[in-house]
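Reading through the structure tokens given below for one structure.
No lab work stands behind these numbers, since they all come straight from the coordinates. Because the structure is a prediction, the values reported are computed rather than measured. Because the Cβ atoms are built from the backbone with ideal geometry, glycine has one as well, and the counts that use them run over all protein chains shown.
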Amino acid sequence: MSTAQTYVELRDIVKTFGTVIALNGVSMEVARGQVMCLLGDNGAGKSTLIKTLSGVHQPTRGEIRVGGDSVNFATPRDAQRLGIATVHQHLAIQPLMSVTRNFFLGREPVRGWGPFSRFDMKSAHSIVRDEMSRMGIDVRDPNQPVGTMSGGERQCVAISRAVHFGAKVLILDEPTAALGVKQAGVVLRYIAQARTRGLAVVFITHNVHHAYPVADAFTILKRGRSYGTFDKREVTREEVLQMMAGGEELDALESELEQSDSPAAAPPGDANEASSTAARDGQESQM
């Protein structure tokens, strides 16, 4: 059910590619100041759903609503105009360029007019320090090449950039996938900061242990269908993991493996061979 706080809503989204059904009736809501974790194994449909929300794909059927209004995104730029920003797993960052240059890539503040305009570096440095400080990062030198920063700090640059340029919905595609434990923790703090600033955050991951500490709700995808949306107060970490991993399938596999390991499950040929060996051993002992 939609609420007054809901900012983005997906209703019964279906996406097909020829005869392949990538999404089949998926619904999801995200409110301002909320972290919605989109969970699912590889091939569950997470990427397709996010590309549909960010304007890369158009849904075959279903409705997208932003701020209560039904919308149609023809291109990613249409989604960006409504404040939907996506930070992809492979960051759009140039390692050899400075923090400031990466922050304003293509949208640099300028001084002067026309052919006499130039990059306002002083203003840009000040904005970068301020925005990064709000995310908990102290940038001592904005001229520092981004390639010298840690993976978590690079994520911070991308997140801060999206927030500065008007993001109201922040989509984070596997931001902790390639990070170690410490750096993943840094990124999770940035996500919590974004929520505190009133953004609606969609956190895509297959790692429940990263999702659970910062999530307010979980939407679980499985083979293109929604397994359901659950409030964090309703489910434990173990229950989320069980649903995401396909609990029934794992239980069936465990039962099958236990049966195959039991002596009673030995093939008839092995049993007959064992009996023949025992008989020969008995005859030899009598000689």
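Show me the ranking of peptides 154-160, 227-233 by mean Cβ neighbours inside 10 Å, starting with the highest.
154-160, 227-233
Once Rh for region 1-145 is found with the Kirkwood sum over Cα pairs, what is the Stokes-Einstein diffusion coefficient at 4 °C and 1.567 mPa s, in µm²/s?
Roughly 72 µm²/s, to the nearest whole number.
From the C-alpha gyration tensor of region 63-106, pull out the three semi-axes of the equivalent ellipsoid (sqrt of 5λ each), sorted largest to smallest, in whole Å.
Sorted largest first and rounded, they come to 29, 10, 8 Å.
Over the Cα atoms, compute the radius of gyration (one decimal) and Dmax (the largest Cα-Cα distance, rounded to a whole number) for region 6-245, in Å.
Rg then Dmax for region 6-245, in Å: 18.5, 61.
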